[in-house]
Amino acid sequence: MKNELVLKTLKEIRVFQDPYRQQIIKVYEQSNKPMTAKQVADVLGEPPSKVHYHVKVLEKFLFLTLSHTENINGIVARYMEIAYNGVKIERSNDNRIKDEIYIMVENEFDKIKENYIDRLKELPVGKEHFKQNGSIKNGIVYLTEEQMYELVEYIEKLSKETKQYKGQKKYYGWDIFMSMIRIKKGG
């Protein structure tokens, strides 16, 4: 069972949030299987040497781990996979770490927004089509801390369990974005 990855240092946060490395991580996450740096490079349309360098950095910081090796025509192919199940940043009073967290969150929101708009552009125009194909909701839910964790676990479990239906006509992929932040008591 993969553990949650806890980022504790400014260096770890910067290595993890690097935009190019995030692209590499996304390829691994979406493939949901071990891949070589060459395979990732092919997906990204990038030179294998560039991807290999960044994969080594991600391995050094324990973001990727070696799954297995294969001997292919005399060359040892290293198959890497995501080494964690979720990422958390350790609380810190260091303002530099707080600034990096804000940058990381801002970058993530920007990526989510871009993906959403790209998918929205693919839909037919009209209010009725939007209702059938997606929605935007925003609001406050009042939960205990335990209920909040249960909700997050449920969404993660649902996401993993339903991957088996990808590509089947009856099922649609639904891109879910969930942001949870505690508000002040009484708010």
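For the range 1-110, which fully contained helices (runs of 4 or more DSSP H) count at least 1 residues that are hydroxyl-bearing (Ser, Thr, Tyr) and modelled with pLDDT of 90 or more?
Here the list reads 19-31, 48-60.
Would you call Ile103 in contact with a Lys or Arg (Cβ under 9 Å, 6 or more places away or on another chain) and closer than 23 Å to Gln17 by Cβ? Taking the combined requirement at face value, the residue does not satisfy it. Being over 22 Å from Glu12 (Cβ atoms), in contact (Cβ under 8 Å) with a residue 24 or more places away in the chain and surrounded by 14 or more Cβ atoms within 10 Å (Cβ to Cβ) is a description that does not apply to Pro48.
Of all residues in the range 10-26, those satisfying the criterion of being buried (at least 17 other Cβ atoms within 10 Å of the Cβ) and aliphatic (A, V, I, L, M) are Ile13, Val15, Ile24, Ile25. For the range 157-187, a tally of residues being part of a helix (DSSP H, G or I) and either free of Cβ contacts under 8 Å to residues at least 40 places away in the same chain or over 20 Å from Asn115 (Cβ atoms) (or both) returns 8.
Being surrounded by 11 or more Cβ atoms within 10 Å (Cβ to Cβ), within 19 Å of Tyr84 (Cβ to Cβ) and not hydrophobic (A, V, I, L, M, F, W, C): is that true of His54 here? Answer is yes for this residue.
The values are calculated or read from the model by the stated rules, or taken from the named source; none is laboratory data. If you're wondering where the values come from, they're calculated on a predicted model, not measured in any experiment. Cβ sites come from the backbone with ideal geometry, for glycine too, and all protein chains shown count toward neighbours.
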